[in-house]
Amino acid sequence: MRAMLLVNPKATTTNSRTRDVLIRALGAAVDLTVEETGYRGHAAALAGKATAKGFDAVAVLGGDGTVNETVNGLLNTPATNATERPALIVIPGGSANVFARALGLPNDPVEATGAVLEALREDRRRVVSLGHAQWDDEGRYFTFCSGMGYDAEVIRAVEGLRGSGRKATPARYVNTALRHYVATDKRHPAMTLTGPGIPTAHGIFMAIISNTSPWTYVGTHPVTPTPWASFDTGLDLLGLQRLGLPTMLPLIRKILTESDRLPSGRHLVQLHDEAEFTLTAERPVAFQLDGDYLGERESITFRATPNALQVLV
């Protein structure tokens, strides 16, 4: 098997020594070409190059952002089905690693490499569905989640802190979320949800769109606002029509402690296993995709992409 390994040298949880060990281990199992990512969008370009050159697999050592770029590079190459593209191999190296953990991989990169080597020996593959977000003339796939509103605003704030040299730790996300909540406008919701066969819902402050569960992790603890979401179904959504404490506190408790139960409440908008829906905003709203802040948008259409990606896991 010919594989290209994409290494993010700035990955949060690995150092050069660990990366060398992992590269040697993978190199002993496959015909390996190693490429380092150097700028935003580089992983997508390299994944497209690997597809064009006929590689059997593309491995990623990095966080969810690098994984997302790689997936988009693979999916932007025409193919009639997932098996015509290189298979994806994921080795977690970021701060959250939601996609890798949702696949059942260990969060430790060395342990995950061991699991990947076992999958390679047994040729153990899984085909998963993806989500796709379309706005204006642009579109992008996502592996585990997207969001508009409050959660994207928090990600924007954390990315600003990372730009000043601070690490994106779970504690930093929680503290940023709390500080941002105090300053958030809780009186003027901007978004409306529409879609084929879906009742229109107005007055949405925040929307979480999920391709799998959990939505994210706080350290080792899963956060599950859409517990029925799965790589084997369409997209799920949780929308909030209130951001006050009477709504938020019970919701936070449920999504942290009741991982298999659907949250309930008068001011929640929920969808499960949907093929398509659109969120339209009265004013530009913060938008994130797989934990990557992508600016402010006024209208985004989300679609499920069944059986899109082959993963060695």
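Tell me, please, whether a residue that is touching a residue at least 12 places away in the same chain (Cβ under 8 Å) and either in a loop (DSSP other than H, G, I, E, B) or under 17 Å from TYR141 (Cα atoms) (or both) can be found in the range 14-24. Break it down into steps so the answer makes sense when it comes.
Narrowing the range 14-24 to residues touching a residue at least 12 places away in the same chain (Cβ under 8 Å): 14, 18-19, 21-23.
After this cut, where a residue has to be either in a loop (DSSP other than H, G, I, E, B) or under 17 Å from TYR141 (Cα atoms) (or both) as well, the list is 14.
So far as the range 14-24 goes, yes, one or more of its residues are touching a residue at least 12 places away in the same chain (Cβ under 8 Å) and either in a loop (DSSP other than H, G, I, E, B) or under 17 Å from TYR141 (Cα atoms) (or both).
Right, ALA29: more than 16 Å from LEU312 (Cα to Cα) and outside any strand (DSSP E or B) or not?
On the way: more than 16 Å from LEU312 (Cα to Cα): no; outside any strand (DSSP E or B): yes.
Against the criterion (more than 16 Å from LEU312 (Cα to Cα) and outside any strand (DSSP E or B)), ALA29 does not qualify.
Here is a list of conditions, (1) more than 15 Å from the chain's Cα centre (by Cα); (2) under 24 Å from ALA304 (Cα atoms); (3) surrounded by 13 or more Cβ atoms within 10 Å (Cβ to Cβ), and ALA152 meets all of them except one; can you say which number that is?
Evaluating ALA152 over (1) more than 15 Å from the chain's Cα centre (by Cα); (2) under 24 Å from ALA304 (Cα atoms); (3) surrounded by 13 or more Cβ atoms within 10 Å (Cβ to Cβ) leaves (1) as the failure.
So is LEU262 at pLDDT 95 or above and surrounded by 14 or more Cβ atoms within 10 Å (Cβ to Cβ) or not? Give the derivation first.
Working: at pLDDT 95 or above: no; surrounded by 14 or more Cβ atoms within 10 Å (Cβ to Cβ): yes.
No, not satisfied.
Here are some residues: ALA79, ALA87. Which one is among the small types (Gly, Ala, Ser) and touching a residue at least 12 places away in the same chain (Cβ under 8 Å)?
Numbers: ALA79 fails: touching a residue at least 12 places away in the same chain (Cβ under 8 Å).
Criteria check complete, one pass: ALA87.
What are the residues in the range 236-247 that are surrounded by 14 or more Cβ atoms within 10 Å (Cβ to Cβ) and free of Cβ contacts under 8 Å to residues at least 24 places away in the same chain, if any?
In the first step, residues of the range 236-247 are kept if they are surrounded by 14 or more Cβ atoms within 10 Å (Cβ to Cβ); the result is 236-243, 247.
Scanning the range 236-247 gives a single hit, THR247.
If you scan the range 178-215, which residues turn out to be among the hydrophobic types (A, V, I, L, M, F, W, C) and surrounded by fewer than 17 Cβ atoms within 10 Å (Cβ to Cβ)? Please lay out each step first, then the result.
In the first step, residues of the range 178-215 are kept if they are among the hydrophobic types (A, V, I, L, M, F, W, C); the result is 178, 182-183, 190-191, 193, 198, 201, 204-209, 215.
Of everything in the range 178-215, those that are among the hydrophobic types (A, V, I, L, M, F, W, C) and surrounded by fewer than 17 Cβ atoms within 10 Å (Cβ to Cβ) turn out to be LEU178, VAL182, ALA183, ILE198.
Filter the range 97-114 down to the residues that are within 12 Å of THR66 (Cα to Cα) and surrounded by fewer than 24 Cβ atoms within 10 Å (Cβ to Cβ) and list them by number.
Of everything in the range 97-114, nothing turns out to be within 12 Å of THR66 (Cα to Cα) and surrounded by fewer than 24 Cβ atoms within 10 Å (Cβ to Cβ).
Answer yes or no: is there a residue in the range 134-151 that is more than 21 Å from SER213 (Cα to Cα), aromatic (Phe, Trp, Tyr) and in contact with a strand residue (DSSP E or B) (Cβ under 6 Å, 6 or more places away or on another chain). Working first, answer last.
So in the range 134-151, the residues more than 21 Å from SER213 (Cα to Cα) come out as 134-139.
With aromatic (Phe, Trp, Tyr) added as a condition, the list becomes 135.
Filter again for in contact with a strand residue (DSSP E or B) (Cβ under 6 Å, 6 or more places away or on another chain), leaving 135.
Yes, the range 134-151 contains at least one residue that is more than 21 Å from SER213 (Cα to Cα), aromatic (Phe, Trp, Tyr) and in contact with a strand residue (DSSP E or B) (Cβ under 6 Å, 6 or more places away or on another chain).
Quick one: would you say ARG261 is under 25 Å from ALA133 (Cα atoms), among the basic types (Lys, Arg) and more than 15 Å from the chain's Cα centre (by Cα)? Walk me through it before giving the result.
On the way: under 25 Å from ALA133 (Cα atoms): no; among the basic types (Lys, Arg): yes; more than 15 Å from the chain's Cα centre (by Cα): yes.
Answer is no for this residue.
The values are calculated or read from the model by the stated rules, or taken from the named source; none is laboratory data. Given the structure is predicted, the values throughout are model-derived calculations rather than measurements. Here the Cβ is made from the backbone with ideal geometry for all residues, glycine too, and neighbour counts use every protein chain on show.
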